[in-house]
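Note sheet for the following structure.
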Amino acid sequence: MLELAGVGYRYTRWLFRDVTFSVPAGTVTAVLGPNGSGKTTLLRCAAGLLSPQAGAVRRSTPAAFVPQAHQSTFAYRVVDMVLMGRVRNVPTFATPGRRDHAAARDAMERVGILDLAGTPFSSLSGGQQQLVRIARAVASGTRILVLDEPATGLDLRNQGRLLTLLRELADAQMAVLLTTHQPDHARYLADTVVLLLGPDDVRVGPATRLLQDDTLNELYGIDIGAWPGSAHRTAERPLS
Amino acid sequence: MARDDAVAPERSLRLAVPPVAAMAVVLAGVVIGAVAVGRFGVPLPDVVRILTSRGEGLSAADQNVVLYVRLPRVLLALLVGGGLAIAGAALQAAFRNPLVSPEIIGVSSGASFGGALALLLGLGTTVLVGAAFGFGLVALVLVFAVTITRGITPVLMIVLAGVVTGSFFSALVSLTTYVADPYDQLPTIVFWLLGSVASASYGKVLIAVGPVLAGTLVLLLLRWRVNVLSLGDEEAAALGMRPGRTRWLLLTAVALIVAGAVAVSGVVSWVGLVVPHFARMWVGPDHRVLLPVTFLMGSAYLILIDTLARTVTAGEIPLGVLTALLGAPAFFVVLRRHRNRIWDDA
């Protein structure tokens, strides 16, 4: 589905080098790393929005990329936003046709936002807006979904809804690649994790093996046992 | 009910047709009305008969006024108003900024200079129109040349290049007026710069119709891509579109329209800024509907204002002055009443 082989990217110094992993259909891969470690750059390379200076990326279909949330200028309705996911399928001098509208409708149904179709995008909550962005990516018809910090800014309920949705999309044989700052999310969702510890120290492996306290200490330069936010994890709870 | 309606595949067509048809009917009415009124009134039924070439038996004076005095003027206002309005709507989307108007990319300043120069050198109308059009395109090429880089050109860079190019040509226009003969050439140049369709003729209509309609056609064909472009480069690229290519296509179409409009009517300001806002308040931001409606509305708007310009006083009020005098307060009132409705707090 999606394969990265020896991928490296540099601005002046190497941000990361020799990154190799693959995201087969039906699986989720999560990229973790501290701020500035190159997560977004790696994702953009994977999605085909940046060309890596080293290595190669293979995609079986064009990837749909869901960038981090930012404001849109015009108050388009949700259905029109989702329809824009079809831009690859509509010729330059044409407008979306019956099949594109059907694809947008299916995507909204899959993501569970059909009832929002006529609502202006700008009047939605942050969680709903994120669901619309994902529906837009699904509407493109791709099998590869790449998401940059999809859970940022969402409350616990919406985080749960998002994680469930991404799991469902993966179970429907999509290849899902995302970045996250929350090890809990990676634990719940990811089959494979990619840890960006440093330019020459990128670790890839099963989430269960890599997401241990000592690795997280090393990744974020903290002592996770003494970290103030770790108290809530003493009683393990499901996320949704 | 709203839900099924909103997602039905035929929706876009169904929603687009009524406003476009309604606006087309309004425009047709405005055209006929504008041809009828004036110092020399022609009854409406006679106007319709003359326009549908069934004017036998009517006085030659009536036919003359309708066909050779008023109709070319109305047609010119139709082309200029519609063209500037749709150009403004497209630019506001491409730059994601509600305050953008066709003047921002420097093309009108370039075209003004071309026209002023031709008037200074005492060259004929054909040269004037050609020079205005030519320098308008020169301005666009300059903006191109300044901003051309590898990969995607940032929107801010284009705006800056447009402003700089515009200022440069404005300075040249000032220079032209400074060296012009104050008793003979200067009034002509100043009056031309104010913007007017008073000197309309079928010749001018023929000159404007090519670039204005060609540019308008390109914008209409791009109307759905304009939606995607208005999300910003990052999101548009993420969806698989090449925003840079689409934007330059759009800018070239806009430059064609603006250069054509300035060449035949001077600088008619405010139409490209105000009319898209009125249209957006009526039909919403979807450019598939907005762009055609904006063209028709801009045409009707400019014909109405031009009719006012030639009928309210014995003399003529320059069109560009009226569009600003009426446009600015109307714009202000509507913005106060509708703020936050159409734009996301931008």
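The values are calculated or read from the model by the stated rules, or taken from the named source; none is laboratory data. What you see is a predicted model, and the numbers here were worked out from it, not measured in a lab. Using ideal geometry, Cβ is built from the backbone for each residue, glycine included, and neighbour counts are taken over all protein chains shown.
Quick look at the numbers
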| item | result |
| --- | --- |
| Qualifying positions in the stretch B:228-242 - surrounded by 21 or more Cβ atoms within 10 Å (Cβ to Cβ) and either in contact with a Phe, Trp or Tyr (Cβ under 7 Å, 6 or more places away or on another chain) or in a loop (DSSP other than H, G, I, E, B) (or both) | B:S230, B:L231, B:A238, B:L239, B:G240, B:M241 |
| Subset tally (residues that are closer than 18 Å to B:S108 by Cα and out of contact with any Lys or Arg (no Cβ under 9 Å at 6 or more places or on another chain)) for the stretch B:150-187 | 19 |
| Residue, nearest to the other protein chains (Cβ to nearest Cβ), within the stretch A:73-97, restricted to residues that are more than 14 Å from B:L229 (Cβ to Cβ) and in contact with a His (Cβ under 9 Å, 6 or more places away or on another chain) | A:V79 |
| In the stretch A:104-118, the residues that are within 10 Å of chain B (Cβ to nearest Cβ) and surrounded by 19 or more Cβ atoms within 10 Å (Cβ to Cβ) | A:A104, A:R105, A:M108, A:L114, A:L116, A:A117 |
| Residue list for the stretch A:65-93, filter: within 19 Å of the chain's Cα centre (by Cα) and of a type in the set (G, A, S) | A:A69, A:G85 |
| Among the residues listed as B:V268, B:V262, the single one being part of a helix (DSSP H, G or I) and surrounded by 23 or more Cβ atoms within 10 Å (Cβ to Cβ) | B:V262 |
| Sole residue being at pLDDT 95 or above, within 22 Å of B:V283 (Cβ to Cβ) and surrounded by 15 or more Cβ atoms within 10 Å (Cβ to Cβ), chosen from A:L124, A:L83 | A:L83 |
| Every residue from the stretch A:55-72 that is more than 11 Å from A:I144 (Cβ to Cβ), more than 10 Å from chain B (Cβ to nearest Cβ) and loosely packed, with under 15 Cβ neighbours inside 10 Å | A:A56 |
| Tally of residues being closer than 17 Å to B:S269 by Cα and within 14 Å of chain A (Cβ to nearest Cβ) across the stretch B:279-313 | 1 |
| Unmet criterion (only one of (1) more than 30 Å from B:P102 (Cβ to Cβ); (2) surrounded by 18 or more Cβ atoms within 10 Å (Cβ to Cβ)) for B:G57 | (2) |
| Residue within the stretch B:202-225 that is away from chain A (no Cβ under 14 Å), surrounded by 20 or more Cβ atoms within 10 Å (Cβ to Cβ), touching a residue at least 24 places away in the same chain (Cβ under 8 Å) and among the aromatic types (F, W, Y) present | no |
| Residue check, A:R88 closer than 20 Å to B:D233 by Cβ and surrounded by fewer than 24 Cβ atoms within 10 Å (Cβ to Cβ) | yes |
